[in-house]
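Here's the structure, in structure tokens; my notes come after.
The values are calculated or read from the model by the stated rules, or taken from the named source; none is laboratory data. Because the structure is a prediction, the values reported are computed rather than measured. Positions of Cβ are generated from backbone atoms using ideal geometry, with glycine treated the same way; all protein chains shown enter the neighbour counts.
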Amino acid sequence: MTGVKRLLAIIDSDMDKVGITKGDVAKRLGVSGGTVSNYFKGKHKISYLTFIQLTKVVYGKYNHELIRRFAERTKAKVDIEAMEWAYANSDVKLLSILIDKDKEKKNAITSVYELQLQRIEGEIDPDTFSDKIGDLEFHTKSIDLETQILLGICKIYHHVDSAAFPAVQPEARTLLKQIQRIENEYIKNAFTIRVKIALALSSIRSNDLHKAEEIANEIATQEVYDSFPIYYTNALIYLSEIHFFNDFSRSSQYIKEAIEMVDKGLVDENKRIKKSIKATYDFIHLYHNKIDNLYLEDLAEQAHYYAKQNNQIAKEKALDILEKLFVKQGKLSNFQMYYKSLALNDIGLMEQTKERFYLSGDFHYVKLPKNFIENFNKLGSKSC
């Protein structure tokens, strides 16, 4: 019995235990009963995505352990659907297995997913990420449509990571047109959502909150939750940011829903998004002076926490953390400059921070230094 047959035998046995028939499976998968029987008999090869969906039909949720074992044992060709599913479902282990399995073939699309894996694992800085995108474009001959589009999505991610928000929209509009030429519906939907998520973020930073909310609500659906949980989580983060300044209750509600996804283990292996959710939760609550039950796992938000305190020792801690971040990163982000200005209660530095937000095209969060400056001027030299 082959490795895949053993896995199918396990699933078959578990089906019997819960009373699921092959007819039930066929109906849910949208194939004939004979096809399902032939999968279990080993007469028909089962694809990655079909096996993935099979585990959900039988277990009520994706069985990541069985899916990874299938990936290790199947002789089926590694395909883009499998890699995109792994990425969208935060299964970093599966994505690593698929990339390693396909490395010898040196497929361009696999190299792009490997680059994205390095990004979500925090193994690559934005400048190196951008350089590698260029290298892949230059050295890869006859790039197919999906690879070309995925590289375009990588460029958008670089714009976001570099806080070059105005550059996102023209790139995104071009990609959305190109995506319509993709024949595979799963990949077409996944890539479309990826680009729309970037558009939502860009719209937030452009302060076009109506458009951003429209896009985010379009993504925050049960269908996306079931198929692309990582993208659903992004939509929740952005909805929380949209209401950040004007409606703490709604902002907090959305980020708490994202936290629930973390608690359910749906994004466990994606260190980047898991860190982002918790940091956003802290950021929202700190700004609104709700300081109970914070995570404070992110160094920048630790600095934010100390900068908000009304004693010099805490503010010195904030400055020490920010200095370490500066040494590590080579610069401070706009938000980290804002935290430094808070810690120093320095109106001049806050004015510089405001200009930095403007220069990066962030017309939403520029309200952070603007609000501080307005309050500072009202209160004179008193701390805000």
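Of the residues that make up the stretch 277-299, is at least one part of a helix (DSSP H, G or I), at pLDDT 95 or above, within 20 Å of the chain's Cα centre (by Cα) and of a type in the set (S, T, N, Q)?
yes
Take the residues in the stretch 277-297 that are of a type in the set (D, E, K, R) and surrounded by 17 or more Cβ atoms within 10 Å (Cβ to Cβ); name whichever of them is farthest from K340 (Cα to Cα).
K278
Identify all residues within the stretch 87-101 that are part of a helix (DSSP H, G or I), in contact (Cβ under 8 Å) with a residue 24 or more places away in the chain and either assigned by TED's automatic domain parsing to the domain that holds G30 or closer than 21 Å to A190 by Cα (or both); write none if there are none.
Y87, A88, V92, K93, L94, I97, L98
Scan the stretch 224-272 residue by residue and report those that are crowded, with 20+ Cβ neighbours inside 10 Å, part of a helix (DSSP H, G or I) and among the hydrophobic types (A, V, I, L, M, F, W, C).
V224, I230, A235, L236, I237, L239, I242, I255, A258, M261, listed by residue number.
Report every pair of residues separated by at least 6 positions or lying on different chains whose Cβ atoms are under 8 Å apart, first residue within the stretch 169-186 and touching a residue at least 12 places away in the same chain (Cβ under 8 Å), second part of a loop (DSSP other than H, G, I, E, B).
Note: pairs meeting the criteria are Q169/S206.
Condition first: of a type in the set (S, T, N, Q) and within 15 Å of R272 (Cα to Cα). Now tell me which residues in the stretch 84-129 satisfy that.
N89, S90, Q116, Q118
If T128 satisfies all but one of (1) part of a loop (DSSP other than H, G, I, E, B); (2) free of Cβ contacts under 8 Å to residues at least 12 places away in the same chain, what's the number of the condition it fails?
Result: T128 fails condition (1) only.
List the number of the failed condition for E65; all other conditions in (1) part of a helix (DSSP H, G or I); (2) touching a helix residue (DSSP H, G or I) at 6+ places or on another chain (Cβ under 8 Å); (3) under 21 Å from I99 (Cβ atoms) hold.
The single condition E65 does not satisfy is (2).
Among the charged types (D, E, K, R), out of contact with any strand residue (DSSP E or B) (no Cβ under 9 Å at 6 or more places or on another chain), exposed (fewer than 14 other Cβ atoms within 10 Å of the Cβ) and closer than 23 Å to K77 by Cα: does that describe K43?
yes
Just give me the residues in the stretch 1-20 being in a helix (DSSP H, G or I) and either surrounded by fewer than 18 Cβ atoms within 10 Å (Cβ to Cβ) or outside the structural domain of Y48 (by TED's automatic domain parsing) (or both), in sequence order.
Of everything in the stretch 1-20, those that are in a helix (DSSP H, G or I) and either surrounded by fewer than 18 Cβ atoms within 10 Å (Cβ to Cβ) or outside the structural domain of Y48 (by TED's automatic domain parsing) (or both) turn out to be G3, K5, R6, A9, I10, D12, S13, D14, D16, K17, V18.
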